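The values are calculated or read from the model by the stated rules, or taken from the named source; none is laboratory data. All of these numbers come straight from a predicted model, not from anything done at the bench. FYI the Cβ positions are ideal-geometry reconstructions off the backbone, even for glycines, and counts take in every protein chain you see.
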Amino acid sequence: AQSVTQLDSQVPVFEEAPVELRCNYSSSVSVYLFWYVQYPNQGLQLLLKYLSGSTLVESINGFEAEFNKSQTSFHLRKPSVHISDTAEYFCAVSSGGFKTIFGAGTRLFVKA
Amino acid sequence: NAGVTQTPKFQVLKTGQSMTLQCAQDMNHEYMSWYRQDPGMGLRLIHYSVGAGITDQGEVPNGYNVSRSTTEDFPLRLLSAAPSQTSVYFCASSPSLANEQFFGPGTRLTVL
């Protein structure tokens, strides 16, 4: 069975500092990996995804994530965060069936 | 292109009442799903559909029914509301298994 573990429930960080949000998954088959972002009182939006090919994927707003098959991880990073990055971030795994499994979420607080 | 729409935005029910949460998408996506979001638990899949006339259960289907008579609509029915169903409900659609899901804005449901 698939599972997703987001290792931090909350991450406070100062503006312009780097951040890493950690995600580990378990699956016995090939997977598709996603990071979604949820701003307050809104639905989820796709931030980035790994389907195949290059293990480093990037978003348009400076986030990146690296698929590490040996460590079964898909950590999300940004070298310099902004106040506007304050949101909840969800890691998700799909292994070809339609059942996508979401992690519990990580709340990122960016402080001035 | 409205994307995924959900109605109502907010709803308060008494224990034992029934109601239907509406979801519609105008992107001609085959795959649709319903999730509930509870604090600290991420999103949990209730039911999903891989096309008109085809539905299946997710992780937490008890107390909920779905049907998919058209590609566009995927209503979620609460048969006899219970306080444990107090949650935020999200509908999502996707063009294929390996693609991102597009989420609606959510329905916040309170069962007294």
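For segment A:29-78, the set of residues classified as more than 9 Å from chain B (Cβ to nearest Cβ), of a type in the set (S, T, Y) and in contact with a strand residue (DSSP E or B) (Cβ under 8 Å, 6 or more places away or on another chain) consists of A:Y39, A:Y50, A:T55, A:S59, A:T72, A:S73, listed by residue number.
Conditions (1) surrounded by fewer than 20 Cβ atoms within 10 Å (Cβ to Cβ); (2) free of Cβ contacts under 8 Å to residues at least 60 places away in the same chain, marked per residue:
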| residue | (1), (2) |
| --- | --- |
| A:Q2 | yes, no |
| A:V11 | yes, no |
| A:Q38 | no, no |
| A:G43 | no, yes |
| A:F63 | no, yes |
| A:H75 | yes, yes |
| A:H82 | yes, no |
| A:T86 | yes, yes |
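Could you figure out which of (1) more than 13 Å from the chain's Cα centre (by Cα); (2) outside any loop (DSSP other than H, G, I, E, B) isn't true of A:A17? Here A:A17 meets the rest and fails (2). The criterion of at least 2 residues that are among the aliphatic types (A, V, I, L, M) and touching a residue at least 24 places away in the same chain (Cβ under 8 Å) is met, among strands (runs of 3 or more DSSP E) falling completely within segment B:13-88, by B:19-25, B:43-51, B:76-78.
What's the number of the only condition in (1) more than 10 Å from the chain's Cα centre (by Cα); (2) within 14 Å of chain A (Cβ to nearest Cβ); (3) without any contact (Cβ under 8 Å) to a residue 40 or more places away in the chain that B:L97 fails to meet? (3) is the only condition that B:L97 fails. The conditions of being within 14 Å of chain B (Cβ to nearest Cβ) and at pLDDT below 90 are met by A:K99. Yes or no: B:T5 more than 11 Å from every other protein chain (Cβ to nearest Cβ) and either crowded, with 18+ Cβ neighbours inside 10 Å or more than 23 Å from A:V93 (Cβ to Cβ) (or both)? Against the criterion (more than 11 Å from every other protein chain (Cβ to nearest Cβ) and either crowded, with 18+ Cβ neighbours inside 10 Å or more than 23 Å from A:V93 (Cβ to Cβ) (or both)), B:T5 does not qualify.
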